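S.K.: My structure is below; once you've seen it, I'll send some questions.
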Amino acid sequence: MINFNNIFGTFCCILLFWGCNVKKDEDLSITYELEKVRIEIYSSTSRSSRGMQQVFLNKETEYYVHGDKSRFTLLFFDLEQEKLDFEIPLERDGPNGITSFNGFFIKNLDSIYVYYGYTYTMWHLNFKGEILKKYQWAFDNNIDGILLNPYGEEVLIDGNRVYLPASPNLNPSEFWKGYVSQSLNLDDGKVAFNTKYPEINSVLNKK
């Protein structure tokens, strides 16, 4: 014979459990929305510059920095205020002017590195976007690597060396694996070829 009391009790437990899960999901949803940041990008911003970005902390202000390739400008968005704070236009005039770029790294506001992998060129800029120094090197068959960075992978700086994404044997598929890099010595401008990024090597050496 069917025990309706047991069935009713089981039904109440299911409703209670389902209600707790719904409440939990609502809490998670609210938490997610609180962490979401919305910023406006110019309608003229080139789609090809979508990968050129960096989160940069200046004193107590955290910025989302976007490289606008179409306007040759670095856009600094205040993450707390969720709005554009300032811009740094990149110098384009003169023989050392920036012709194009597909990556950048901000060490500090007076030490900004912008590079263009297809021409093996990197520029050191100040806060005004003025060029302090230009680095130019050529493809070297001895190191058998080439910069290939269409979407703006991050640059790594360690001491006086800058590590740039590269591809061995002119093979684009190897670039996406992130296994290789070219390192540029900022003092003498010499380039070397690496099979791993420095922080990956340090992790492997500890095992």
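S.K.: Pick from segment 124-149 the residues that are in contact with a Gly (Cβ under 9 Å, 6 or more places away or on another chain) and closer than 20 Å to VAL65 by Cβ: which of them is modelled with the highest pLDDT?
M.R.: ILE131
S.K.: Is it the case that TYR116 is at pLDDT 90 or above and within 15 Å of LEU184 (Cβ to Cβ)? Before the answer, list the steps.
M.R.: On the way: at pLDDT 90 or above: no; within 15 Å of LEU184 (Cβ to Cβ): yes.
So TYR116 fails the test.
S.K.: Looking at segment 105-141, which of its residues are part of a loop (DSSP other than H, G, I, E, B) and surrounded by fewer than 19 Cβ atoms within 10 Å (Cβ to Cβ)? Steps first, answer last, please.
M.R.: Going through segment 105-141, the residues part of a loop (DSSP other than H, G, I, E, B) turn out to be 109-110, 120, 126-130, 137-141.
Answer for segment 105-141, where residues must be part of a loop (DSSP other than H, G, I, E, B) and surrounded by fewer than 19 Cβ atoms within 10 Å (Cβ to Cβ): LEU109, ASP110, ASN126, PHE127, LYS128, GLU130, TRP137, ALA138, PHE139, ASP140, ASN141.
S.K.: A further question follows. So which residues in segment 69-94 are under 16 Å from LYS128 (Cα atoms) and assigned to a strand (DSSP E or B)?
M.R.: Hits for segment 69-94 are THR73, LEU74, LEU75, PHE76, ASP85, PHE86, GLU87, ILE88, PRO89.
The values are calculated or read from the model by the stated rules, or taken from the named source; none is laboratory data. As the structure is a computational prediction, the values presented were derived from the model and not from experiment. Ideal geometry is used to build each Cβ from the backbone, glycine not excepted, and the neighbour counts take in all protein chains shown.
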